[in-house]
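First comes the structure, then the notes that go with it.
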2 protein chains.
Amino acid sequence: MKPSHWLPCLDWGRGYDRGSAAQDGLAALIVTLMLIPQSLAYAMLAGLPPVTGLYASILPLLAYALFGSSRTLAVGPVAVVSLMTAATLAPLFPAGSPAYVGAAMLLALLSGVLLAAMAMLRLGFIANFLSHPVVSGFISASGILIAVGQLKHLLGVSASGENLPQLLPKLIQALPGTHGPTLLIGVLSLAWLWWARTHLKQTLQHLGLSAQLANNLAKAGPVLAIIVAIATVDLLQLEQAGVRVVGLVPQGLPGLTLPTLDLDLAIQLLPAALLISLVGFVESVSVGQTLAAKRRQRIQPDNELLGLGAANISAALSGGFPVTGGFARSVVNYDAGARTPMAGVFTALGIGLSVMLLTPLLHDLPQAVLAATIIVAVLSLVDLKSLRHTWRYSRQDGAAQIATLLGVLLIGVEAGILLGVGLSLLLFLWRTSQPHIAVVGQVPGSEHFRNVERFAVIETPNVLSLRVDESLYFPNARYLEDRIGELIASRPQVRHLVLMCSGVNLIDASALDSLNAIVERLHAAGVQLHLSEVKGPVMDRLRRSDFLQCFGGQVFISQFEALKQLAPVPAASSQPLPTQGNPHEKRS
Amino acid sequence: MKPSHWLPCLDWGRGYDRGSAAQDGLAALIVTLMLIPQSLAYAMLAGLPPVTGLYASILPLLAYALFGSSRTLAVGPVAVVSLMTAATLAPLFPAGSPAYVGAAMLLALLSGVLLAAMAMLRLGFIANFLSHPVVSGFISASGILIAVGQLKHLLGVSASGENLPQLLPKLIQALPGTHGPTLLIGVLSLAWLWWARTHLKQTLQHLGLSAQLANNLAKAGPVLAIIVAIATVDLLQLEQAGVRVVGLVPQGLPGLTLPTLDLDLAIQLLPAALLISLVGFVESVSVGQTLAAKRRQRIQPDNELLGLGAANISAALSGGFPVTGGFARSVVNYDAGARTPMAGVFTALGIGLSVMLLTPLLHDLPQAVLAATIIVAVLSLVDLKSLRHTWRYSRQDGAAQIATLLGVLLIGVEAGILLGVGLSLLLFLWRTSQPHIAVVGQVPGSEHFRNVERFAVIETPNVLSLRVDESLYFPNARYLEDRIGELIASRPQVRHLVLMCSGVNLIDASALDSLNAIVERLHAAGVQLHLSEVKGPVMDRLRRSDFLQCFGGQVFISQFEALKQLAPVPAASSQPLPTQGNPHEKRS
């Protein structure tokens, strides 16, 4: 294995030149301006001191640049993972306490070690447990939950909870205590940020700026809000008037420390760390794949696991909390022209400089502005339209998505995602446990066989052709026995049953037992089982059992071949029906 | 819905006559003789007073006769479920204490309610989670664990533990304290029971008895052991010599009581109750199906759930513990000629009479004899040969079986079965997450398409025919994108990609997203996607999305039709190869 297999930076680093550096530098500048408010805000969302958000945006970016395979992914604190961090730690420690901060570091360490282990063991496929509808429902619900949770900062009141039934009554109770100046700052920030996101670019273009410059400047909208807000609080002495501000932010780079390795706590945090890892990985890979595809590049899931693992471990070592690849900032990075992960290195330098120089200026930053930043960011995650699409396409997928959505909103983030994953597995199992089994006949004038209920096809009285539309394996092993029993019982003239295996991609040990039982029962009823169109890998496996020697029938290369040998003269065609589109398809 | 849907006894009860009653009565007598020692023994195995085993063999049999659909299944305490009961309760309460007995009743109640709820909600398919290899590994390991656990009774020492690493050292430590007379009784019982099981029938036949009578008498072997043992202990005053006996067994029928409804305890017991229900259901259904098939009868899984649910609820109400359909006793019931569940009613009467009349006689029954009964019964459950078969057929199934076996032996029953189920799901997901994708070509002289690597087939340079051997759904949605990307990248001359969907039994919402992404990328590369051989149910679903309008390609009825239209003149055939068996199959 080449060293560049685990260190993709050796590939892109070799040809790195001044042109790329200029592009990466510009992208880094814009991402830095975007990351400063976001990092502070997501740390607040995670229940941590704001400066930890900046810490989590330095070393992790370097680590990802070293090991990650996406050229443009920007890692750091993101909304959903910060929410999951808060949901995990809030029941255990008072928010912001040293124990809480330590546990957040431990959570990042566990998450990083899990991701790295999954990379080494090539277990990335576990992330497939999270189907698109579950992830979509989860992210939408998290967005709503986060936005509602931040309202308290806009109102200047206290109200916390891990789901809507806890949050909403508290917010309503706290409503009379709304702090006017805070609300004003919050609403103005919200309006500005929303306008900046949707209209600033065009306005700047109308003012005569180039599209590229307008686009880049528009990303600095939140920074402007911060500067104006700090100046206002400072000038009008609003802190004394009761506007809550970020307060003292320690200056200087974080020291390298190992989180306290409390084994009991680690075991307690492990399930949450696994969920955070998987959700973070899925989110990051989706972003990475989308961006890579645009430039016809590829990302390697194993490298992504390792990159994110390294990012989280280094977050843990530098006073941070769990991080992953973020959608918004990666798109900004991409749009700003980032060519290589070196943009991440430059961004890390930018954040590092900010921590050393700018933190004293952040003291007067109102929490309401950060809350507005979060709300604007997460509301773009909410996509309830996809729910309608999913539901229309598939009731099962729709149910999984709704369950995840409602689970997160009404119970909490972890319960919601587990509900979604559990339900999608259960529905999948239910679906495959009762597979579609079609009686098929020959499409006239062809060698093709289709469902007798959908197509006008030719059937043979003494040969029953069955197509099982599912792999034969443990969830449906018993069902097949039952259905074949019924079908044979209702057709006394049948002497041969040909199982057309074009849809059978696997026959596992449970199904092999069932097949043996079926053969035995069919023999007792005077019927012989045959197989047709058995795929290579399935055939290879059957040859390793004694089924082929014992079942007494033949394995035909195609259903056509089977019928040619078992019933040389086809008996009767069903009536031709009026057709539309496909000439042989029956109308329903 | 007919009343007989939920009360199958209305069906068989209508035509019940004296002939059936005589048959059922004889079977009941034999099963009663067999059940008395087994019930006492399995109660001891479950850590309960022996009499609870008899209690659990009265009402549950009546309840099952009312609701169950198998004609010959005999329910009551069974080895594996008793072991699971002990594993659940032993960490919570001292064995045999009133709290322990109460918790066992509660466990039966929970298990019964769960089973009945599963019947009502038609959730029986959940039992499919337990694949054959997992069940087989679980039962073999439980058999070994039970047998080793009973050795202490044979040796007359104390040693307990929930897995072999706990049990074996304690047994070895306790070895010097072996109680001679107990060991002698134990070994003699073991030898007699073993011989009775394997040779008594033939011996009785050699003595001139009819095969049927010899068979029935042989089942009473354990009862003879009990009688001789009680007489010996009584005559030689062995209890005073230190032989542990069953002791005082309360006389009379159990009173009807509701177990104490401790909600906290109920929640704590719920996961175990679910596992016990599922394992009991699977064991019972396998037995029921096997016996029903022999007489061309059918069992209904929903009725079985309800029957077992009612049996467990009534066990809970009458001082019993979790029960299910047992393999050995059902076979005996069947062999002895039982015709209907009325045999179960007669058996319940027999056990009821025994509780009222015989219990004083059981005082001097040595525990070593019961232990011998258990050991002989469970060793027949151990089937390590099937492990070799499974492993040879499928590494994944074999791994699941080994994991379950080792998990039960080395960690414990619950951990073992969860490990097996988890691993089989994980391996299944892993397997389907990287589906077999074959490039296919036309088998010369037919309309059939097969893998180019296995068959000498005709390929077309500008049309790539791909057969995906898996449903397209969340575990493999991303993999398909990757593989198609690779295949297209290596074939620059391809203009059309036809996805042959004969193996695609489902396209879920995640895979639909992936297909849209694939179409987009193919378009960018100048390739058009088409589908062929899409099955009816899959097509119905696709019509509910906008995929068919947007993807720009066609859906062909067969791969042959697709090639006929997209590449009217086939370009070149691959070299004909020497073949064997199937004329087109390549030799490997």
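Worth a mention:
- Filtered residues of segment B:170-193 (kept if free of Cβ contacts under 8 Å to residues at least 40 places away in the same chain and either on the phi > 0 side of the Ramachandran plot or open to solvent by less than 60 Å² (accessible area, probe 1.4 Å) (or both)): B:Leu171, B:Ala174, B:Gly177, B:Thr178, B:Gly180, B:Ala191
- Per the conditions (1) more than 14 Å from every other protein chain (Cβ to nearest Cβ); (2) surrounded by fewer than 21 Cβ atoms within 10 Å (Cβ to Cβ), the sole criterion not satisfied by B:Arg122 is (1).
- Matching residues, segment A:356-367, being surrounded by fewer than 22 Cβ atoms within 10 Å (Cβ to Cβ) and either without any contact (Cβ under 8 Å) to a residue 40 or more places away in the chain or assigned to a helix (DSSP H, G or I) (or both): A:Met356, A:Leu357, A:Thr359, A:Pro360, A:Leu361, A:His363, A:Asp364
- Taking the criterion of being in contact with a Leu (Cβ under 9 Å, 6 or more places away or on another chain) and either without any contact (Cβ under 8 Å) to a residue 40 or more places away in the chain or open to solvent by 10 Å² or more (accessible area, probe 1.4 Å) (or both), the residues of segment B:486-499 that qualify are B:Leu487, B:Ile488, B:Arg491, B:Val494, B:Arg495, B:His496, B:Leu497, B:Leu499.
- Residues in segment B:130-151 that are more than 18 Å from the chain's Cα centre (by Cα) and touching a residue at least 40 places away in the same chain (Cβ under 8 Å): B:Ala147, B:Gly149, B:Gln150, B:Leu151.
- Residue in segment A:216-225 that is on the phi > 0 side of the Ramachandran plot, in contact (Cβ under 8 Å) with a residue 40 or more places away in the chain, open to solvent by less than 20 Å² (accessible area, probe 1.4 Å) and in the same structural domain as A:Val78 (by TED's automatic domain parsing) present: no
- Residue check for A:Ile36: in the same structural domain as A:Gln367 (by TED's automatic domain parsing), modelled with pLDDT under 90, surrounded by 24 or more Cβ atoms within 10 Å (Cβ to Cβ) and part of a helix (DSSP H, G or I): no
- The conditions of being within 28 Å of B:Pro461 (Cβ to Cβ), of a type in the set (D, E, K, R) and at pLDDT 60 or above are met by B:Lys564.
- Cβ pairs under 9 Å, 6+ apart, first in segment A:540-568 and without any contact (Cβ under 8 Å) to a residue 24 or more places away in the chain, second open to solvent by 60 Å² or more (accessible area, probe 1.4 Å) and in a loop (DSSP other than H, G, I, E, B): A:Gln565/A:Gln554
- Number of positions in segment A:535-561 that are out of contact with any His (no Cβ under 9 Å at 6 or more places or on another chain), away from every other protein chain (no Cβ under 11 Å) and open to solvent by less than 60 Å² (accessible area, probe 1.4 Å): 1
- Criterion violated by A:Ser57 - all others in (1) assigned to a helix (DSSP H, G or I); (2) open to solvent by less than 10 Å² (accessible area, probe 1.4 Å); (3) not aromatic (Phe, Trp, Tyr) satisfied: (1)
- Residues being of a type in the set (S, T, N, Q) and crowded, with 21+ Cβ neighbours inside 10 Å - total across segment B:368-395: 3
- For segment A:503-525, taking the residues that are of a type outside the set (A, V, I, L, M, F, W, C), open to solvent by 10 Å² or more (accessible area, probe 1.4 Å) and within 8 Å of chain B (Cβ to nearest Cβ), the one that is farthest from B:Pro435 (Cα to Cα) is identified as A:Arg521.
- Qualifying residue in segment A:16-31 (condition: of a type in the set (D, E, K, R), free of Cβ contacts under 8 Å to residues at least 60 places away in the same chain and either closer than 19 Å to A:Leu106 by Cα or part of a helix (DSSP H, G or I) (or both)): yes
- A search for C-beta distances below 7 Å between a residue of segment B:473-485 that is facing chain A (nearest Cβ under 8 Å) and any residue that is outside any helix (DSSP H, G or I) and among the aliphatic types (A, V, I, L, M), counting only pairs 6+ apart in sequence or on different chains, returns B:Tyr473/B:Leu506.
- Residues that are more than 8 Å from every other protein chain (Cβ to nearest Cβ) and polar (S, T, N, Q) within segment A:433-459 comprise just one, A:Gln442.
- Residue match in segment B:340-352 (condition: over 30 Å from B:Val249 (Cα atoms) and surrounded by 20 or more Cβ atoms within 10 Å (Cβ to Cβ)): yes
- Among (1) of a type in the set (Gly, Ala, Ser); (2) closer than 28 Å to A:Ser510 by Cβ; (3) within 11 Å of chain B (Cβ to nearest Cβ) - the single one A:Ser490 does not satisfy: (3)
- Any hit, segment A:384-391, residues being under 30 Å from A:Ser189 (Cα atoms), touching a residue at least 24 places away in the same chain (Cβ under 8 Å) and in a helix (DSSP H, G or I): yes
- Qualifying residue in segment B:395-411 (condition: in contact with an Asp or Glu (Cβ under 8 Å, 6 or more places away or on another chain) and either closer than 30 Å to B:Leu238 by Cβ or within 14 Å of another protein chain (Cβ to nearest Cβ) (or both)): yes
- A:Glu470 being closer than 30 Å to B:Phe474 by Cβ, open to solvent by 40 Å² or more (accessible area, probe 1.4 Å) and either within 11 Å of chain B (Cβ to nearest Cβ) or out of contact with any Ser or Thr (no Cβ under 7 Å at 6 or more places or on another chain) (or both): no
- Leading residue by the ranking (nearest to A:Ile126 (Cα to Cα)) among those in segment B:438-455 that are surrounded by fewer than 21 Cβ atoms within 10 Å (Cβ to Cβ) and of a type outside the set (Asp, Glu): B:Val439
- Residue satisfying condition, being in a helix (DSSP H, G or I), under 19 Å from the mean Cα position of the chain (by Cα) and within 14 Å of chain B (Cβ to nearest Cβ), within set A:Ala127, A:Ala116: A:Ala127
- Selection status of B:Ala159, open to solvent by less than 60 Å² (accessible area, probe 1.4 Å), part of a helix (DSSP H, G or I) and not aromatic (Phe, Trp, Tyr): no
- Test for B:Leu423: is it among the hydrophobic types (A, V, I, L, M, F, W, C), in contact with a Ser or Thr (Cβ under 9 Å, 6 or more places away or on another chain) and away from chain A (no Cβ under 12 Å): yes
- Residue within segment B:526-533 that is assigned to a helix (DSSP H, G or I), in contact with a Phe, Trp or Tyr (Cβ under 6 Å, 6 or more places away or on another chain) and either over 17 Å from A:Ala292 (Cβ atoms) or within 9 Å of chain A (Cβ to nearest Cβ) (or both) present: no
The values are calculated or read from the model by the stated rules, or taken from the named source; none is laboratory data. Being a predicted model, the structure only gives us computed values, none of them experimental. So basically every Cβ, Gly included, is an ideal-geometry build from the backbone, and we count neighbours across all protein chains shown. To get the accessible areas, we keep the full protein, side chains included, count just its heavy atoms, and leave off ligands, DNA and RNA. Shrake-Rupley method; radii C 1.70, N 1.55, O 1.52, S 1.80 Å.
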